[in-house]
Amino acid sequence: MMDLLDLFERHLRENPLKVQSFHPFYEEALNAMLQARAKRFRPLLLLSVVEASNPLLIPSALDVALALEIFHTYSLIHDDLPVMDDADLRRGEPTLHTRYDELTATLVGDALNTHAFLLISKAALSGDTKSKLVELLAHNGGVDGMVHGQIIDCYFENQKLGLEQLELLHRNKTAKLIAASLQMGAVIADLDQQIQERLYSFGLELGLLFQIQDDIIDALWTQEEAGKTTQSDSAKNSFVTLLGEQRAIQEADRYASKLQERLQDLPPKIHAALQSLLERYLYRHHNQKG
């Protein structure tokens with residue numbers, strides 16, 4: 001079985017963003033955060049579904065997976081800006097606005113956002129497939145998706161939300177793009193609508209578990225261990241600030257148990273592929289580092 005992470009990392013390295021310009025560091029800035037060490041969770045979700053369903057489509061799926069990672073990276077660059085989280089470390093590297101300046105970080109984020117859709121438009125897939133992929137990424141990453149979650153997150157800093165409001169916030173900010181990653185893999189593999197919907201629904205719950213664990217990491221890990229600025233959520237509505245560390249860990253365990261049950265509803269090969277991926281990234285003791 002091919003190592004999808006190695007395959008994706010090679011594809012990413014072999015396809016850096018290039019631009020002919022006399023600007024002294026624009027091209028470097030476009031690639032800096034994208035090429036930095038990262039989990040690549042979203043592209044691996046997409047590729048895992050494709051490999052489990054039709055491995056012959058992996059070469060055609062790689063550019064779409066790269067588009068997902070580029071889009072996600074844009075969101076991190078903007079999330080780290082002084083107007084939002086004002087973070088100085090991401091993926092073990094200085095954030096773009098600290099490495100260059102705030103203007104560069106803002107425009108690089110804008111460029112990556114739009115470049116993701118250009119990559120999908122040029123993928124070696126049918127026009128109908130690419131149209132659906134663009135729709136899914138735009139819907140889940142935009143007005144009623146990730147951006148919706150982000151604006152709630154920023155506006156309600158220092159204002160305590162209830163658990164249902166917090167889940168809505170993170171369902172939009174984090175979970176919808178994770179859910180879209182799974183459904184986009186299913187679209188590439190031409191799986192039926194019922195399986196697409198099951199994968200999307202599974203992805204929403206997976207995204208909430210991912211966020212709870214991220215909140216736990218922010219509270220308990222150092223920035224050296226996490227590779228990003230941590231212990232910065234005290235003013236934000238996180239699962240740890242709302243529930244406390246122990247209840248947040250219990251909530252993560254509850255979501256992990258639900259996801260194990262939901263895996264049973266997926267086709268066996270997809271079940272096995274996602275089980276392996278989740279064990280690699282999520283199903284471990286929440287205080288374990290590394």
Legend entry - Members of region 94-110 found to be buried (at least 18 other Cβ atoms within 10 Å of the Cβ) and not in a loop (DSSP other than H, G, I, E, B), listed by number: 96, 97, 104, 105, 108, 109
Inset, instruction - Inspect region 39-48 for any residue being touching a residue at least 12 places away in the same chain (Cβ under 8 Å), within 19 Å of the chain's Cα centre (by Cα) and part of a loop (DSSP other than H, G, I, E, B) and give the result as yes or no. - result: yes
Inset, instruction - Check whether at least one residue in region 76-89 is free of Cβ contacts under 8 Å to residues at least 12 places away in the same chain, closer than 30 Å to residue 190 by Cβ and not β-branched (Val, Ile, Thr), and report yes or no. - result: no
Inset, instruction - Give 134, 143 a once-over and let me know the one that is in contact with a Phe, Trp or Tyr (Cβ under 9 Å, 6 or more places away or on another chain), aliphatic (A, V, I, L, M) and at pLDDT 95 or above. - result: 134
Inset, instruction - Go through the residues of region 8-29 one by one and say whether even a single one is farther than 25 Å from residue 96 by Cβ, buried (at least 19 other Cβ atoms within 10 Å of the Cβ) and aliphatic (A, V, I, L, M). - result: no
Inset, instruction - Tell me, yes or no, whether region 170-184 has at least one residue that is more than 29 Å from residue 244 (Cα to Cα) and of a type in the set (Lys, Arg). - result: no
Legend entry - Number of positions in region 111-141 that are part of a helix (DSSP H, G or I), more than 24 Å from residue 37 (Cβ to Cβ) and among the small types (Gly, Ala, Ser): 4
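The values are calculated or read from the model by the stated rules, or taken from the named source; none is laboratory data. Source: prediction; values computed, not measured. Backbone-built Cβ (ideal geometry, glycine too); neighbour counts: all protein chains shown.
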